[in-house]
1. Considering only segment 154-174, state which residues are assigned to a loop (DSSP other than H, G, I, E, B) and of a type in the set (A, V, I, L, M, F, W, C).
2. Pick from Ile263, Ile253, Ile221: which is modelled with pLDDT under 85, in contact with a helix residue (DSSP H, G or I) (Cβ under 7 Å, 6 or more places away or on another chain) and at negative phi?
3. Would you point out the residue of segment 175-205, among those that are polar (S, T, N, Q) and not in a helix (DSSP H, G or I), that is modelled with the highest pLDDT?
4. Which residues, taken from segment 104-133, are within 12 Å of Ala160 (Cα to Cα) and part of a helix (DSSP H, G or I)?
5. Are any residues in segment 81-102 surrounded by fewer than 24 Cβ atoms within 10 Å (Cβ to Cβ), outside any strand (DSSP E or B) and in contact (Cβ under 8 Å) with a residue 40 or more places away in the chain, and if so, which ones?
6. Go through segment 140-195 and give me each residue that's acidic (Asp, Glu), surrounded by 14 or more Cβ atoms within 10 Å (Cβ to Cβ) and in contact with a Lys or Arg (Cβ under 8 Å, 6 or more places away or on another chain).
7. Restricting attention to segment 66-80, and to residues there that are modelled with pLDDT of 90 or more, in contact with a strand residue (DSSP E or B) (Cβ under 8 Å, 6 or more places away or on another chain) and assigned to a loop (DSSP other than H, G, I, E, B), which single residue is farthest from Glu231 (Cα to Cα)?
8. Evaluate the following for Met211: is it surrounded by 15 or more Cβ atoms within 10 Å (Cβ to Cβ) and in contact (Cβ under 8 Å) with a residue 40 or more places away in the chain?
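The values are calculated or read from the model by the stated rules, or taken from the named source; none is laboratory data. Just so it is clear, the structure is predicted and the values come from calculations on it, not from any experiment. So basically every Cβ, Gly included, is an ideal-geometry build from the backbone, and we count neighbours across all protein chains shown.
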Amino acid sequence: MSNLIAGTNKPKFSVAIQSDTYKNLINQTLGDKDRATRFIASISSAVATNQDLQQCDAGTILSGALLGESLNLSPSPQLGQYYLVPFNDSKRGYKVAQFQLGYKGYIQLAIRSGQYKKLNVLAIKKGELVKYDPLNEEIEVNLIEDEEERENTETVGYYAMFEYTNGFRKSLYWSKSKMEKHALKYSKGYAAHKGYTFWEKDFDGMAYKTMLRQLISKWGIMSIDMQQAVEKDMATINTDGTYEYVDNEEETIIQQEEPKEEIAVQNENTENEVSMNEL
């Protein structure tokens, strides 16, 4: 098997990660030898299980993973805090890894700021919404009590809110059609109905992330870590620290689909008000 990325003379990640250059970069960035060793083992294992990611430029994989590590976020698909997603970069002529923050990553970063007393995001099902007053940001809903029935009911919109420890509150509601238009605008793969984008694999998860991003980036208190994560979300990060947003010609989801049991737990957790003291 070739140790080079197809179409280039660049070494694959499994080879590059063992080089002195990459090891020195990791050690300098993390500043702890034991942590660096654990990081190398963890990211090497993650890449080894994803064939598409193996074809990406090693530098973009490492830089994206180091950003996630610096934010103390996990790349585990079960945790859903951040992802490394392969893209065909037409300008470079080869695949690169893109850093994508998951909605649970937004929640984790918000919790650490210590400013949020409550943070909630959930899908609103058909028949539940009575009214939403955007002027006063007041929502009236009659939630379906039966969990199984609610899970199987059509989603008509999404609601997100936060409350600071000082009592300040902010909320946002988007209809499903508005979220659909947002997805079509910002994901070329989804607009072309390729069948493998995050929007197609987990529309609700992407919708939760969008709601939290809209809410927190516009009205929330953002820590330095949160600012960095939001700024570099959906970007390809280079080893020199520069980053760019890839033209999404061919978006490929590389994380394995979560087990059904995990998805059920994930949805249950996000469809109840989340207290900062409970997470």
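1. Phe168 - this is the single residue of segment 154-174 that is assigned to a loop (DSSP other than H, G, I, E, B) and of a type in the set (A, V, I, L, M, F, W, C).
2. Ile253
3. Ser175
4. Correct list: Ile107 only.
5. Ser90, Lys91, Gly93
6. Glu163
7. It comes out as Leu73.
8. In short, yes.
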